[in-house]
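Inspection log for the structure reproduced underneath, given as structure tokens.
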Amino acid sequence: MVSRRSLNRIDRPGTAEDAWASWPELQRLPLAHPEAWQSVVVVAAHPDDEVLGVGGTMAMLAARGVRLRLVAITDGEASHPGADPAVIAQTRIDESADALDRLGARDIEVVRLRLPDTGLADREHELSDILSEQCAGFEVCLAPWEGDAHADHEAAGRAARRAGQNVLTYPVWMWHWAEPGDHRVPWSRACQIMLPAEIAARKRSAIDAFPSQLTDREAGVGPVVPPDVVAHFTRKQEVLLR
């Protein structure tokens, strides 16, 4: 048996969404104001990160006709060890396109960097230079949080911080391993974006566009993103860290 101590934070049993829903401070976070944004770059370490973290925000921005660019750093080809990486990559690219369509963001500009999944820490400085170019001329950059406990997310977040002037980061796995009030999370830098019911429904549909991540990978191996983790992203709220 694998001990709890030997597991990393993502693989350990996580915090239930009910714990977050009942934490009053989460609802008291200051509001961000995406209605003022006119051009936004969204950075994703893997296909589906952007939908989980800021899919609702993307849907609202797209509805307003805001200039949007998605920088997809990897194609997520390492999510199913033992499977053909090329097949997994194409599957996830197709799922991402479907998800963007469900968000109403079908006109978003998509830039695929095709850097190696699980290998971003070794390419971080190169990635920072690339993101400097990709973020040039955009008002806001939304990127994975650099404290998320996933090496690719953290490398992407650090690279984005170095590259951009107005960078806000979105947590993904943090909702799983952290607890309300967790001292490892910089809550003083947190803000929230409230999602209207229609937008929250669009986001839920977009999450469902990733069956490769939501269903069992093989016998005895559960989904990459299990239902208890998905529950963190079906709120009528998204949280960003300044």
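What follows draws every value from the coordinates through simple rules; no lab data is involved. Treat the numbers as computed from the prediction; the structure is a model and nothing was measured. No Cβ is skipped: glycine too gets one built from the backbone with ideal geometry, and neighbour counts run over all protein chains shown.
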Handout entry: Whole-angstrom Cα spans of the range 69-199 along principal axes, big to small
Key = 42, 37, 33
Practice task
Report the charge-dipole magnitude of the chain in Debye, nearest 20, computed about the Cα centre from +1 at each Lys and Arg Cβ and -1 at each Asp and Glu Cβ.
Solution key: 680 debye
Problem - the range 91-167 shape via C-alpha gyration tensor axes, a/c threshold 1.5 - result: oblate
Fill in the blank from the handout: Non-local residues with an amide H under 5 Å from the amide H of residue 166, with H modelled 1.01 Å from N and Pro and chain starts lacking one, are 141
Problem - For the range 1-125, alpha-carbon Rg over 2.2 N^0.38 Å - result: 1.26
